[in-house]
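Notes for the one structure printed next.
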Amino acid sequence: MRDDEAGQAFPGSEDPTETLPVVGAGEPGGAARTSDPGSGGSGPPDPASERGSGPDDAPDLADAGRSRLNRRRRTFIAVTLGAALVAGGGLAASAFVKSPAELAAETKAPTASVLAAPVEKRVLTDVLTTRGLVAATTQTQVTPAASSAQGASSSVISALRTSVGKPVHAGDVLLDVSGRPLIALPGTIPAFRDLKPNDDGDDVAELQAALAGLGYATGGDRKGHFGPGTKTAVTNFYKHLGYDVPTTGGPNDAGDQPQLVAAQNAVDSAQRDLNDFDRKASASSANSSISSAASASSSSLAARSSSASRTSAPADGTPTGGGTAAPTGTNTAPNTDPNAGPNPPQPTPTGTLSSVPGDEPASVQRGYLVKARDQAKTAQATLIATTGPMVPLAETVFLPGFPAQVTQLPAKVGDKVTGPVITLSSGTLGITARVTPDQARLLKTGMKADIVAEAIGQNSSGTVAAVGAVTVDSPQGQGGQQDGPQAAAPAGGGGDGTPYVPVTITPGVSLDAKTWAGQDVRVTITSAATAGPVLVVPQSAVSAGADGRTTVSKLGPDGRATVRTEVRAGISGGGFVEVAPVAAGALAEGDRVVIGQ
């Protein structure tokens, strides 16, 4: 150690030679001393020298002690935490580490138990649940075709006037085909021909009733006859809709106009001939008095000439002087010509009728003219009666009831018409469902059905009205106006080629069209039911043995032993089956039968 340092042992130090520097009290930097007995010092330390340490050295000694103590505390805490972590890890590991005995106990198979169900006594029903669409019971598919007579060369959808789900009222235009309307009208007879003037039939009566219901009266036409009153009603109806009136002569009636003009000309010509004849007859009547006077004078002259001739006539009878006898029926006048005979023939005045030997009387001639005129008028009337406004087949669809509803409208503007373009439902509401062919074999007309409309929160009930034949929808469908429930497409339907059987359910009470129409509903049909309460067990409880017997395994009183009991199985439904014990009393309500282990 340096001479200017002295050592002092720190209390508690393990090293007896450890010293602390002590500075002499009398002078700074005094001689250093040590308490080491083995050192070569001059003797024990000077107490005065130890007490003479400076006041600034005391805090340094205290800080050094506290620092050492803090280090020991930290070491203790670290050791304690480490021990706690090791202990916790060991405890956690012990939860996952199991002995072979524990593992064997835990993986041991449980004791075999028996699953059993009680024998019930109740009415057993078998139900079939499917989905259905609420719609009018009559479904109508329409395939309109443009009429070439009205100027169309092809059938193209030119406008759509409605959409799926919208109501349809009588007189509504549904769509346009090549510029011509497709109109919905009330009636039960499907359209099957063009309705033209002078047609007769029940379909004409149906058209008349439809027009009258829309406010277009058919006048004095008798029921079922397409007369002038019906033509007027058709004309006014089409004008109200804003379409050109269809006619038998095509657009603007161009095809019929030449014939109508010719017929009018024939009537006018016949009438002129008759008028001319009547004017001539009037002129002849005015000249009748003149003709009578001339006849009297001629008779007097003839008498005198006859008397003279008898005295001087030649032997051949020729009158003297070259005169000739007046022909019968000719007008005569006094003869002033000295070289002529006494009574030469006179011409008939212009514009008067003549009576020539061999001609028919004037009254007969006039009758011919009247007949010709009447025939011309009749021909004209017939032509007018059979031409003019008409109702083409392609422009109407008759529905049995309104309001109807559009259920399908696959057509788009610009599409060519190659199949049904619109499907309409009309009449009273019903439910049309689709079931698979194997499900359909369980159904019969008259079976009860429950109807639930989840969307509107209402329930109803009904009966199976019809079970159709196996049907496969084609993507395009069939043409023509088709009526009947099989044309409907209930919820889930489609032309994907999947076979199905349409089933029609008639509600027990009338459904409100405003809330029920178009609803997709759940239909539960009771396909079978026992006449009264019977014993029923789960289907899994019944087994058929190699000996051909049908049995159930009944549990004994201890709940373990089983007794094989022979039964006869009946109808099944809802996962249960009707059973009747072969031996009387062998099975009763409340017994428990095995359904599994």
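The values are calculated or read from the model by the stated rules, or taken from the named source; none is laboratory data. For clarity, every value in this text was computed on a predicted model and none was experimentally measured. Neighbour counts run over all protein chains shown; Cβ positions are idealised from the backbone, glycine included. Heads up: the accessible areas ignore ligands, DNA and RNA and are worked out on the full protein's heavy atoms, side chains in. Shrake-Rupley method; radii C 1.70, N 1.55, O 1.52, S 1.80 Å.
Structure above, values below:
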quantity	calculated
Heavy-atom SASA rank of 225, 240, 169 (probe 1.4 Å, accessible area, largest first)	240, 169, 225
Accessible surface, per residue, of the stretch 527-597 when the full set of protein chains is kept, probe 1.4 Å, Å²	55 Å²
Extension gain from residue 104 to residue 169, taking 0.36 nm per residue of separation minus the Cα-Cα distance	15.3 nm
524, 565, reordered so the largest accessible area comes first (probe 1.4 Å)	524, 565
Area of residue 558 that stays accessible when all protein chains are in place (1.4 Å probe, Å², to 10)	100 Å²
Computed lengthening from residue 79 to residue 418, 0.36 nm per intervening residue step minus Cα-Cα distance	112.6 nm
Translational diffusion coefficient (Stokes-Einstein; Kirkwood radius from C-alpha pairs) of the stretch 184-264 at 10 °C, 1.306 mPa s, in µm²/s	118 µm²/s
Rh by Kirkwood over Cα pairs, then Stokes-Einstein D for the stretch 422-475 at 0.692 mPa s and 37 °C, µm²/s	243 µm²/s
Within-12-Å neighbourhood charge of residue 172 [Cβ basis; K, R +1; D, E -1]	+2
Residue 159-residue 122 FRET efficiency (beta carbon distance; Förster radius 60 Å; 0.05 resolution)	0.50
For residue 285, solvent-accessible area (1.4 Å; no DNA, RNA or ligand), Å²	80 Å²
Accessible area per residue, Å², the stretch 78-163 with all protein chains present, probe 1.4 Å	60 Å²
Heavy-atom accessible area per residue - the stretch 195-291, 1.4 Å, Å²	52 Å²
D_trans [Stokes-Einstein, Kirkwood Rh over alpha-carbon pairs] for the stretch 104-244, 37 °C, 0.692 mPa s, µm² s⁻¹	163 µm²/s
Simple label model, 7 Å out from Cα along Cβ direction - residue 513 to residue 241, nm	2.0 nm
Candidate residues 498, 218: accessible-area rank, largest first, probe 1.4 Å	498, 218
